[in-house]
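Presented below is the structure to which this report refers.
The values are calculated or read from the model by the stated rules, or taken from the named source; none is laboratory data. The structure presented is a predicted model; accordingly, all values stated were derived computationally and were not measured. Methodologically, a virtual Cβ is constructed for each residue, glycine included, from the backbone with ideal geometry; neighbour enumeration extends over all protein chains shown.
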Protein chains: 4
Amino acid sequence: MSGQYYAARPMKLVAQNYGKQRVRVMKVLRSAPRHEVKEVEFGVRLEGDFESSYTSGDNTKVVPTDTMKNTVHALAHEHLARQTEPFALRLAQHFLKSYAQISRVTIETNEQRWARLAVDGQPHNHSFLAEGGTPVTKVVAARTGAVELASGIENLLVLKSTGSGFKDYPKCAYTTLPETTDRILATSMRATWRWSAPPAADYDFNATNAAILDAMLAVFANNHSPSVQTTLYEMAGAALALCPLISSVTLAMPNKHYLPANLKPFGLDGTGVSFVPTEEPHGQIEATITR
Amino acid sequence: MSGQYYAARPMKLVAQNYGKQRVRVMKVLRSAPRHEVKEVEFGVRLEGDFESSYTSGDNTKVVPTDTMKNTVHALAHEHLARQTEPFALRLAQHFLKSYAQISRVTIETNEQRWARLAVDGQPHNHSFLAEGGTPVTKVVAARTGAVELASGIENLLVLKSTGSGFKDYPKCAYTTLPETTDRILATSMRATWRWSAPPAADYDFNATNAAILDAMLAVFANNHSPSVQTTLYEMAGAALALCPLISSVTLAMPNKHYLPANLKPFGLDGTGVSFVPTEEPHGQIEATITR
Amino acid sequence: MSGQYYAARPMKLVAQNYGKQRVRVMKVLRSAPRHEVKEVEFGVRLEGDFESSYTSGDNTKVVPTDTMKNTVHALAHEHLARQTEPFALRLAQHFLKSYAQISRVTIETNEQRWARLAVDGQPHNHSFLAEGGTPVTKVVAARTGAVELASGIENLLVLKSTGSGFKDYPKCAYTTLPETTDRILATSMRATWRWSAPPAADYDFNATNAAILDAMLAVFANNHSPSVQTTLYEMAGAALALCPLISSVTLAMPNKHYLPANLKPFGLDGTGVSFVPTEEPHGQIEATITR
Amino acid sequence: MSGQYYAARPMKLVAQNYGKQRVRVMKVLRSAPRHEVKEVEFGVRLEGDFESSYTSGDNTKVVPTDTMKNTVHALAHEHLARQTEPFALRLAQHFLKSYAQISRVTIETNEQRWARLAVDGQPHNHSFLAEGGTPVTKVVAARTGAVELASGIENLLVLKSTGSGFKDYPKCAYTTLPETTDRILATSMRATWRWSAPPAADYDFNATNAAILDAMLAVFANNHSPSVQTTLYEMAGAALALCPLISSVTLAMPNKHYLPANLKPFGLDGTGVSFVPTEEPHGQIEATITR
């Protein structure tokens, strides 16, 4: 009744999607005494013929988000292994196959990395230490057959204590920043790379993703940084150079400022040595680079 | 040098933006004994002719993000008053006017609301209590003259203890959710509305935004909810009905589940009375509705 | 075996406790069309004769923390009503009665407040808006019969835009803070008060707690603040004056700094008008006041 | 005036302390091409003859918390090096020496660890990756000369995928937990150890702290865990056995539950393989062990 009231107005649903977020899974891969652990959080989003659920209270096409959660748990038990990408692709296809009203499925994942704990210098068989940096993947699969796949990492906190500067920028009445040829550069980076086409399910995503990241971090470490922009661009270049199967790289790099400590009131000069880490405000640089 | 190395590859910058996030401002509007306080956090993002900063280490067009911060502080001191929208519009134009290399400016704001503290039943002149729900605005201003303005609110946590159900949905092998005609519905809503054109600077945004929100919350409270989707759609309808100056409404409503407590093992029936609030996983429903 | 190895060393367990944290409960009190909702999170900690679980792998006295969670859910269904304190007291006694090995039970609670949503100016029967400030209680009940009960509130964010200063403090080589007779004072206060003895279960805790808080906030608002310390002390005094049944008040008041914006480089004077809110570092003042 | 009003009541200040929290410092130790970075956050708390600041608005003894911040920055520039403990001890003594009204100083620190980034398999000279687990220290220094020093680590997230069980516990009407001989054990541990007396400033705290942690983690990994309690006790034993200079160990180990996934409705058995990570509720085990 209330729905009819508003349906009487000329209104148009121009975009809609729904799904379940933060579906968490832990698999213990224990085929050998040397266990592997795989902890992944999933987000599932559906688009399609769901308009009647908005406009007329009709749920007959609405796959419950609780069912999405169950599906992730059941399929993960059967199919999730060391690599996230093949499973995310399969999960997306499952929803398309199961429900005709879905036109597009988006699966997003992020992973809690667990490094093997070293005990007496030896990697332990079944004990693990949480590792920083969150691997992510994203699949967008359409009923048309089109599939997009991206891999990457976020929350990776890196810093260089020299080899970075910022100068020759334009000045105006509101400019107070001094130029510098030596500063700390720190970022909590998010990097994702798009696969030209999804590689075969037995492709070694884990190894390639690690190699891409290593290539980007080598640039971060080795190249002098005249700006976050240049460093970002060169890191993307290193990723594209490393892996011919990826078509683009998107990087988001907050500039986590370490401000020079002002020690002049105390007769001290902290230049290059003493800094104050700050959370806010922060710079933010984002770009997408293709071949 | 390192830049040249990568520039040698065929690479293309297909999207880039940069700016300053989390620039915080507090204004005390103290023209009368009855103070007003206005606490807003700004994000500034620029797009434009900044490619050379990525590809050749050239900073001569890069407005420092520190300058953006200073600009926010200085202009806020001079111009920020009770309403955020006129100031956000002015701030965007300032950047376009000051720097020819900018093609587009995005200003995003969120506000810490402060309600007047009641003392002995009377609203106090200069003491305040933080209030939930974060008003937001977004301005996108282009050198072409095009300006988009949106207002809204996020993190607004609302709940209804009855008047909500969910049934008649499709079932499959992975469906375990029981149908219900009476459940708790809770969400931390994000609602934004786009203005057809930016109203004049002396328009009463605060009053209209409050009225739009009230209209949406009345629907949330009064209308029976057969699904989050229907409730979202009807809330958008109420907003569009209330204010002819807005052209679309976008709502994001996480379904913050309150699961029925399973008390059967203890010989108890908690139906409709005892629930377990959960943070994860959660449903998520998002849609944009236009006229 | 491994346990015996370490037990061979001369080691002493000088303190131990264990329990379940973050047990969440929502009750819908629906005896009338006008519902009440009560959302509380519990922590349960036990002390007692549990040494053998540490020293010899003996679990025969270890009440599982999962059982604690179940107990909270079951007893909350049967007994939790509008007031938290009587239920927390009952819950503590339940554990003492059920398990002889327990010498002391600590129950800590925090509550998500839900204010009735106003629709067309009228409080709604079953729709609610989250409210800031988290009411807390703490019960420590011993087998000896001794019972301590405290009530209070935390995360209550309040601010005064004038009526606060800080001057006449000692200076040294590291002092750069200018004296001020007019600043913003803001805090996210935690206030708890200890009951001389637990009042009867039908005592109106909710009303008294609200009155105590009002009395403290009136002092915060009305009294000139020469320092956080003085304001804290006067607020405690107001609480003790208001309610003869409480024996002490403990306050923790972070000084959430709003720094004067430095606008001199831009030829502006922001004194008393423009401030920069900061999260870190922050002052912290804590004290306990008794009669 | 307002102060006098409340001072007229019989009130007693039974405990008070104040200070500055979250004072952040980054030092770049660059005596060689191979930089070291040291990022530490400090909390400073003072106790002493500060009563008049509470009771009569007298600030003449109140060292501003802003001065504490400045002091940390200035002394850190001059004295903070690779080890936190000697600096924390020195910082505490500085306050005692500088201000006669202080009877006791508490310094707490936590450190952002930065591991050297590996580039082409080689540790880089000036690039770093954030590392999990937060080293902490605590100094309590009194005017009497008494000094307590503790070191440790918090937020260290570790997990074992087998070698843990929980059985033979008491059952009651509220027990539903099944016994298990094989579960996942995960915790975000906090471990601190008290030094019998502060070692000399040139003592190698970093190496000893690392060795103590390694010894505890070896026990976590290698010993079968019949309960968190036993594992905690054995870990403390390993720490005490490793380092004769520490007199006690305090451990807080939340039991971060990985619940067996319930796949029965889908005809699957997830035992030992599929789990659901949960944040709440969680067990919590805390104990202090001395020699």
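Looking only at segment A:241-258, decide whether some residue is of a type in the set (Gly, Ala, Ser) and more than 17 Å from the chain's Cα centre (by Cα). Walk me through how you get there before you give the answer.
Applying the first criterion (of a type in the set (Gly, Ala, Ser)) to segment A:241-258 yields A:241, A:247-248, A:252.
Then keep just the ones that are more than 17 Å from the chain's Cα centre (by Cα); that gives A:241.
Looking through segment A:241-258, at least one residue is of a type in the set (Gly, Ala, Ser) and more than 17 Å from the chain's Cα centre (by Cα).
Quick one: which of A:Ala74, A:Ala81, A:Ala15, A:Ala32 is farther than 18 Å from A:Ala142 by Cβ, small (Gly, Ala, Ser) and within 8 Å of chain B (Cβ to nearest Cβ)?
Working: A:Ala81 fails: within 8 Å of chain B (Cβ to nearest Cβ); A:Ala15 fails: farther than 18 Å from A:Ala142 by Cβ; A:Ala32 fails: within 8 Å of chain B (Cβ to nearest Cβ).
Within the list A:Ala74, A:Ala81, A:Ala15, A:Ala32, the selection yields A:Ala74.
Going through C:Met26, C:Met11 one at a time, which residue ends up being buried (at least 18 other Cβ atoms within 10 Å of the Cβ), at pLDDT below 95, of a type outside the set (S, T, N, Q) and in contact with a Phe, Trp or Tyr (Cβ under 9 Å, 6 or more places away or on another chain)? Lay out the reasoning, then the answer.
Details: C:Met26 fails: at pLDDT below 95.
C:Met11 is the lone residue from the list that is buried (at least 18 other Cβ atoms within 10 Å of the Cβ), at pLDDT below 95, of a type outside the set (S, T, N, Q) and in contact with a Phe, Trp or Tyr (Cβ under 9 Å, 6 or more places away or on another chain).
Checking the condition closer than 22 Å to C:His73 by Cβ, touching a strand residue (DSSP E or B) at 6+ places or on another chain (Cβ under 7 Å) and surrounded by 21 or more Cβ atoms within 10 Å (Cβ to Cβ), which residue from D:Tyr233, D:Tyr258 passes? Show your work before the answer.
On the way: D:Tyr233 fails: closer than 22 Å to C:His73 by Cβ.
From the options D:Tyr233, D:Tyr258, the qualifying one is D:Tyr258.
Quick check on my filter: what residues within segment A:223-257 are touching a residue at least 40 places away in the same chain (Cβ under 8 Å) and part of a helix (DSSP H, G or I)?
Of everything in segment A:223-257, those that are touching a residue at least 40 places away in the same chain (Cβ under 8 Å) and part of a helix (DSSP H, G or I) turn out to be A:Val228, A:Gln229, A:Thr231, A:Leu232, A:Tyr233, A:Met235, A:Ala236, A:Gly237, A:Ala239, A:Leu240.
Could you tell me which numbered condition D:Ala252 fails, if it satisfies all but one of (1) over 30 Å from D:Asn209 (Cα atoms); (2) in contact with a strand residue (DSSP E or B) (Cβ under 7 Å, 6 or more places away or on another chain)?
Tallying (1) over 30 Å from D:Asn209 (Cα atoms); (2) in contact with a strand residue (DSSP E or B) (Cβ under 7 Å, 6 or more places away or on another chain), D:Ala252 fails exactly one: (1).
Considering every residue within segment D:176-183, establish whether at least one is touching a Phe, Trp or Tyr at 6+ places or on another chain (Cβ under 9 Å), within 17 Å of C:Val14 (Cβ to Cβ), among the acidic types (Asp, Glu) and within 12 Å of chain C (Cβ to nearest Cβ).
no
Look through A:Leu263, A:Leu213, A:Leu259, A:Leu245 and report the one residue that is in contact with a Phe, Trp or Tyr (Cβ under 7 Å, 6 or more places away or on another chain), at pLDDT 95 or above and more than 14 Å from chain B (Cβ to nearest Cβ).
A:Leu245 is the lone residue from the list that is in contact with a Phe, Trp or Tyr (Cβ under 7 Å, 6 or more places away or on another chain), at pLDDT 95 or above and more than 14 Å from chain B (Cβ to nearest Cβ).
Has segment B:136-150 got at least one residue that is farther than 20 Å from B:Ala197 by Cα, hydrophobic (A, V, I, L, M, F, W, C) and modelled with pLDDT of 95 or more? If you could, list the steps in order and put the result at the bottom.
So the first thing to find is which residues in segment B:136-150 are farther than 20 Å from B:Ala197 by Cα, and the list is none.
Taking every residue of segment B:136-150 in turn, none turns out to be farther than 20 Å from B:Ala197 by Cα, hydrophobic (A, V, I, L, M, F, W, C) and modelled with pLDDT of 95 or more.
Do you know which of the residues in segment B:51-71 that are closer than 19 Å to A:Leu177 by Cβ and either among the hydrophobic types (A, V, I, L, M, F, W, C) or more than 7 Å from chain A (Cβ to nearest Cβ) (or both) is surrounded by the fewest Cβ atoms within 10 Å (Cβ to Cβ)?
Of all residues in segment B:51-71, those closer than 19 Å to A:Leu177 by Cβ come to B:53, B:57-71.
Remaining after also requiring either among the hydrophobic types (A, V, I, L, M, F, W, C) or more than 7 Å from chain A (Cβ to nearest Cβ) (or both): B:58, B:62-63, B:68.
Values: B:Asp58: 19, B:Val62: 25, B:Val63: 27, B:Met68: 26.
Checking each candidate, the answer is B:Asp58.
Select from segment A:147-182 the residues that are surrounded by 13 or more Cβ atoms within 10 Å (Cβ to Cβ) and of a type in the set (Ser, Thr, Tyr) and list them in ascending order.
A:Ser151, A:Ser161, A:Thr162, A:Ser164, A:Tyr169, A:Tyr174, A:Thr175, A:Thr176, A:Thr180
Might you let me know whether segment C:40-58 holds any residue that is in contact with a Lys or Arg (Cβ under 9 Å, 6 or more places away or on another chain), within 19 Å of D:Phe166 (Cα to Cα) and either of a type in the set (S, T, N, Q) or without any contact (Cβ under 8 Å) to a residue 12 or more places away in the chain (or both)?
So far as segment C:40-58 goes, yes, one or more of its residues are in contact with a Lys or Arg (Cβ under 9 Å, 6 or more places away or on another chain), within 19 Å of D:Phe166 (Cα to Cα) and either of a type in the set (S, T, N, Q) or without any contact (Cβ under 8 Å) to a residue 12 or more places away in the chain (or both).
Consider only pairs whose beta carbons are under 6 Å apart and that are at least six residues apart or on different chains; among these, list those whose first residue lies in segment C:102-129 and is among the acidic types (Asp, Glu) and whose second residue is buried (at least 21 other Cβ atoms within 10 Å of the Cβ) and at pLDDT 95 or above.
Cβ pairs passing all conditions: C:Glu111/C:Val40; C:Glu111/C:Pro135.
Can B:Lys160 be described as within 11 Å of another protein chain (Cβ to nearest Cβ), over 26 Å from B:Phe220 (Cβ atoms) and out of contact with any Gly (no Cβ under 8 Å at 6 or more places or on another chain)?
Numbers: within 11 Å of another protein chain (Cβ to nearest Cβ): yes; over 26 Å from B:Phe220 (Cβ atoms): no; out of contact with any Gly (no Cβ under 8 Å at 6 or more places or on another chain): yes.
So B:Lys160 fails the test.
Residues of segment B:271-291 being within 7 Å of chain A (Cβ to nearest Cβ), surrounded by 21 or more Cβ atoms within 10 Å (Cβ to Cβ) and either more than 28 Å from the chain's Cα centre (by Cα) or closer than 20 Å to B:Trp195 by Cβ (or both), which ones?
Scanning segment B:271-291 gives B:Ala287, B:Ile289.
Regarding D:Ser188, is this residue at the interface with another protein chain (Cβ under 9 Å from one of its Cβ atoms), assigned to a strand (DSSP E or B), under 24 Å from D:Tyr233 (Cβ atoms) and not hydrophobic (A, V, I, L, M, F, W, C)?
On the way: at the interface with another protein chain (Cβ under 9 Å from one of its Cβ atoms): yes; assigned to a strand (DSSP E or B): yes; under 24 Å from D:Tyr233 (Cβ atoms): yes; not hydrophobic (A, V, I, L, M, F, W, C): yes.
Yes.
Hand me the list of strands (runs of 3 or more DSSP E) wholly inside segment C:68-176 holding 3 or more residues that are of a type outside the set (Gly, Ala, Ser) and more than 16 Å from the chain's Cα centre (by Cα). Before you say what the answer is, go through the steps one by one.
Details: elements: C:102-119, C:122-131, C:134-142, C:147-160.
Fully inside segment C:68-176 and qualifying: C:102-119, C:122-131, C:147-160.
Quick test for you: out of D:Thr187, D:Thr175, D:Thr208, D:Thr192, pick the one residue that is under 23 Å from D:Glu279 (Cα atoms) and touching a residue at least 12 places away in the same chain (Cβ under 8 Å). So that I can check it myself, show each step before the final result.
Working: D:Thr175 fails: touching a residue at least 12 places away in the same chain (Cβ under 8 Å); D:Thr208 fails: under 23 Å from D:Glu279 (Cα atoms); D:Thr192 fails: under 23 Å from D:Glu279 (Cα atoms).
Just one listed residue meets the conditions, D:Thr187.
Output the residues belonging to segment A:96-117 that are facing another protein chain (nearest Cβ under 9 Å) and of a type in the set (S, T, N, Q).
Matches in segment A:96-117: A:Ser98, A:Gln101, A:Gln112.
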